[in-house]
Structure formats: structure tokens, C-alpha cells
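The values are calculated or read from the model by the stated rules, or taken from the named source; none is laboratory data. Computed from a prediction, not measured in an experiment: that's the story for all the values here. FYI the Cβ positions are ideal-geometry reconstructions off the backbone, even for glycines, and counts take in every protein chain you see. Please note that ligands, DNA and RNA were not included when accessible areas were found on the heavy atoms of the full protein model with its side chains. Shrake-Rupley method; radii C 1.70, N 1.55, O 1.52, S 1.80 Å.
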Amino acid sequence: MIIPEYIKPGDTIAVTALSRGMEDDVEKARFLSARSQLEALGYKVRFTENVFTTNDRYGRSSPASEKARQFNELVNDPEVKAIYSAAGGDFLAEILPLIDIEAFKAHPKWIQGFSDNTSILYYLMTKGDVATAYGANFGDFGMQPWDRSVTGGLGILEGTLKEQTSFDPYQDG
């Protein structure tokens, strides 16, 4: 299995909406807070065009072809070292046939998210033989203080956490 290069301060973390985009002011404020907090740690944070968009009443950030195009561009961008998903939702699986798996294998990088993101994490791991990380969606970094699941997810991408243990059965707040 290919283990992507661990991220470090100075690296670029990209955020894309593979399923649902952020629609309301509270979600947008949380994302801006998340970006500020990661930038304070020394990371560069880049949002794709679809992070703050909604394509239709079903909650897609954008059409499947657009979501896949933006994801594939991030994969091929040598400055991007990790990709976080904006959110879960219901429509991520529609992009899987459009993912350039050969490019992902040639340019492996950490991908993290949860909920609907399970489908792309599983796909990239099994078809590309590249490690992925089931963990925080980007907005989770907008909280203060960060939950152990959020710091642990970042720790996996940084290579500082090698073993994960069980979490409490739920998060409050």
C-alpha cells in the first residue's frame, strides 16, 4: 500500500465539496474559522470553487463532472499535499467513475472526510492501493477546542499519530 507523504506546516491543504457544499452563514463562518486555525499552525488552505455552492435542491455542491474535475485538479497539483472534504451528503458516489485513479496513484496525497466520503476513501484505497483517512470533514476544524477525533485525524496526516483508539459514543456541541 502506498502511504502518502505526511503533511507539515508550510504545506497546502485543499478543501473541496465532493458531495454537499456549505450553504448557510453559520457553516461559512465555521469554515473561515477552520481556515484561520489551520493557517495559525502554518498550513496554507485553499478552497475549490464549489465549497460554498449548491447546484440544486438536492444538496449537490455542483454537477458530478464539476466535482470530479475539481478533485482531479487537486490531485495533479504538486502544491496540494492533502485534501479535506467539505461535508458529507448523498451524492458523492456519482463522481467515482470520473476520478482519474491513475493520476491519484502517481500523485498520492492524503484524503480525509467522513459520512458520504466513505465511498471515495474506500474507492481510492482499494482501486489505487493508497492509504486514506476516515476522519474530520473540514468544518470540524472550526470548533474550539478541537475534539480528540479532529486532532487525531490531523495527527494521522502529519504522521504524529500512528495508532487510533475508540472515541466516546457521541460528540456534544
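Kindly provide the set of residues from segment 120-161 that are within 16 Å of Leu18 (Cβ to Cβ), modelled with pLDDT under 90 and either open to solvent by 70 Å² or more (accessible area, probe 1.4 Å) or part of a helix (DSSP H, G or I) (or both), ordered by number.
Matches in segment 120-161: Tyr134 only.
Give Val51, Val75 a once-over and let me know the one that is open to solvent by less than 20 Å² (accessible area, probe 1.4 Å), touching a Gly at 6+ places or on another chain (Cβ under 9 Å) and not basic (Lys, Arg).
The unique qualifying residue is Val51.
Say we look at segment 1-32 and pick out the residues that are more than 12 Å from the chain's Cα centre (by Cα) and part of a strand (DSSP E or B); which of these is nearest to Ser61 (Cα to Cα)?
Thr12
Identify, by number, the condition in (1) more than 13 Å from the chain's Cα centre (by Cα); (2) at pLDDT below 95; (3) open to solvent by 30 Å² or more (accessible area, probe 1.4 Å) that Lys44 doesn't meet.
Result: Lys44 passes all but (2).
Going by the structure shown, is Glu27 in contact (Cβ under 8 Å) with a residue 40 or more places away in the chain, of a type in the set (Asp, Glu) and in contact with a strand residue (DSSP E or B) (Cβ under 7 Å, 6 or more places away or on another chain)?
no
Quick one: in segment 11-41, of everything that is in contact with a Gly (Cβ under 6 Å, 6 or more places away or on another chain) and open to solvent by 10 Å² or more (accessible area, probe 1.4 Å), which residue is nearest to Ser65 (Cα to Cα)?
Of everything passing the filter in segment 11-41, Arg20 is nearest to Ser65 (Cα to Cα).
So for segment 84-100 (the condition being open to solvent by 30 Å² or more (accessible area, probe 1.4 Å), closer than 19 Å to Ile3 by Cα and not in a strand (DSSP E or B)), does at least one residue qualify?
Checked against the condition, which is being open to solvent by 30 Å² or more (accessible area, probe 1.4 Å), closer than 19 Å to Ile3 by Cα and not in a strand (DSSP E or B), segment 84-100 yields at least one hit.
Mind listing just one residue for me: the one in segment 114-156 that is over 14 Å from the mean Cα position of the chain (by Cα) and of a type in the set (A, V, I, L, M, F, W, C) and, of those, farthest from Gly88 (Cα to Cα)?
Among those that are over 14 Å from the mean Cα position of the chain (by Cα) and of a type in the set (A, V, I, L, M, F, W, C), it is Val130.
Among the residues in segment 162-173, are any in contact with a Gly (Cβ under 9 Å, 6 or more places away or on another chain), open to solvent by 30 Å² or more (accessible area, probe 1.4 Å) and modelled with pLDDT of 90 or more?
No, segment 162-173 has no match at all.
Tell me which of these Lys67 doesn't satisfy, since it passes every other one: (1) in contact (Cβ under 8 Å) with a residue 60 or more places away in the chain; (2) of a type outside the set (Val, Ile, Thr); (3) open to solvent by less than 40 Å² (accessible area, probe 1.4 Å); (4) not in a loop (DSSP other than H, G, I, E, B).
All conditions pass for Lys67, except number (1).
Just the residues that are without any contact (Cβ under 8 Å) to a residue 60 or more places away in the chain and either part of a strand (DSSP E or B) or within 14 Å of Arg20 (Cβ to Cβ) (or both), please, taken from segment 101-114.
Ile111, Gln112, Phe114
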